[in-house]
1. May I ask you to give the average projected area over all directions of the convex hull of the Cα atoms of the chain, in nm² rounded to one decimal?
2. Quick check on the exposure proxy: order 342, 125, 97 from fewest to most C-beta atoms within 10 angstrom.
3. Under 8 Å for C-alpha pairs, at least 6 residues apart: give me the relative contact order for the range 218-341, rounded to a whole percent.
4. First check a/c for the range 283-361, with a ≥ b ≥ c the square roots of the eigenvalues of its C-alpha gyration tensor; if it is under 1.5, answer rounded, and if not, answer prolate when a/b is larger than b/c or oblate otherwise.
5. Restricting to the range 30-356, compute how many DSSP beta bridges are antiparallel as a %, nearest 5.
6. Do the sum for the chain: with -39,500 (n - 2.57) for every DSSP H run of n ≥ 4, divided by all residues, what is the mean residue ellipticity at 222 nm, to the nearest 500 deg cm²/dmol?
7. Expressed as a rounded percentage, what relative contact order does the range 30-356 have, with Cα pairs under 8 Å and six or more residues apart?
8. Expressed as a whole number of Å, what is the distance separating the alpha-carbon centroids of the range 194-226 and the range 73-117?
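FYI, it's all coordinate maths here, none of it is from the lab. It should be emphasised that the depicted structure is a prediction, and the values quoted were computed from it without experimental measurement. We place every Cβ from the backbone using ideal geometry, glycine too, and count neighbours over all the protein chains shown.
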Amino acid sequence: MNRHPLALLLLLVLATACANADIRVQPVGRITRHYVDSSRTDWDGRVGRPLVTRVWYPARAGSEESAWAAGVFRFGRSAPDAPFADDARRPLIVLSHGTGGSAAQLSWLAEALAIEGFIVAGVDHHGNAATEAAYRLGGFVLPGERARDLSVLVDLLLADSLLGARVDTSSIGAAGFSLGGFSVLALAGAHLPPDEWQRRCTLEPNVPWCVLPPEAPFTLRDIDSLRRSDAAFQAAVSRGREVTRDARIAAVFAMAPALLPVTDTLTLRTISVPVYVLLGDDDKQVPPEITTSVVTAQLRSAQLSRLPGVSHYAFLAECTWRGRIFARALCASDGVDRGEVHVRAAREALTFFRTHLRRAD
């Protein structure tokens, strides 16, 4: 009888120890900003393009983190609205998600960088984000708008009363996945004029870089209709003819970057900032062989790494058990542990950015 309270106490101690084993020495804070780019319209032609942004950062010791999940995905752990660890100026990384995704899909990378002292900000690209009520064709086929999102995001972060004073403006990098990988390369100078992309895809409609993903409820033929009738789309096409290089971006980490085979090779050759390209060897959407050939021929100073057995969606956030059952196309592991892929990719990103961005004081 007397042993039961002791046994109960022992169980409580063990449970507390197990829970505390997951407490990080450096907690990660997370805030949301509902920014707007007043220089552009949304896809309905209304003034003000939405730039919903998630920001991860080193939080004050003792900040209480909680699990974050949505739909079929798990987005790690962070402390919503926690105070910053200190007032130091820190390197900034802007994130660009893949087609039809969201900034939260790269929370695994954002957390890993924030733990090591970076501020990380990811925007949900309007018209191409799962967090919005509907997808819009322009969000899928005009990546120049995504690159502009990131440049405007840097402006808004630096003007933010809480965040601006904490960013080291001499240490700004960019990281992205899939179409986001191309978007961050566009900040370094890569360029794909919309007219040239459409022309190439008319000639080769079935190559991977001309096939919209399954979640896109459009075809490339719909572009012609929008070109004739939609003022917001027409304005974005016009902007898309301009290079989107941003001189503030000092280093670019691109995971499975889309569209490189049809990108203007002259613009690739002019990229002067450090670039790291990470590919999956079993990627059907971004074929590793042709992408490797483009990188080695045109981005000669870029670092390149390939992950054996890794498919395209392994770079997405980890899935819940429901996702593994009901969203197999996005959640199938193909025999590769997605968490291990994230650990390796984050380690390579951290090494790269530590090398090419000045460390916080």
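1. Projected area, direction-averaged: 20.2 nm².
2. Fewest to most other Cβ atoms nearby, the residues stand as 342, 97, 125.
3. Worked out over the range 218-341, it gives 19 percent.
4. Working: a/c = 3.14, a/b = 1.40, b/c = 2.24.
Note, shape of the range 283-361 comes out oblate.
5. Given both bridge residues lie in the range 30-356, the antiparallel proportion sits at roughly 45 percent.
6. Roughly -11000 deg cm²/dmol at 222 nm, from the helical runs in the chain.
7. 17 percent
8. After rounding, the separation between the Cα centres reads 32 Å.
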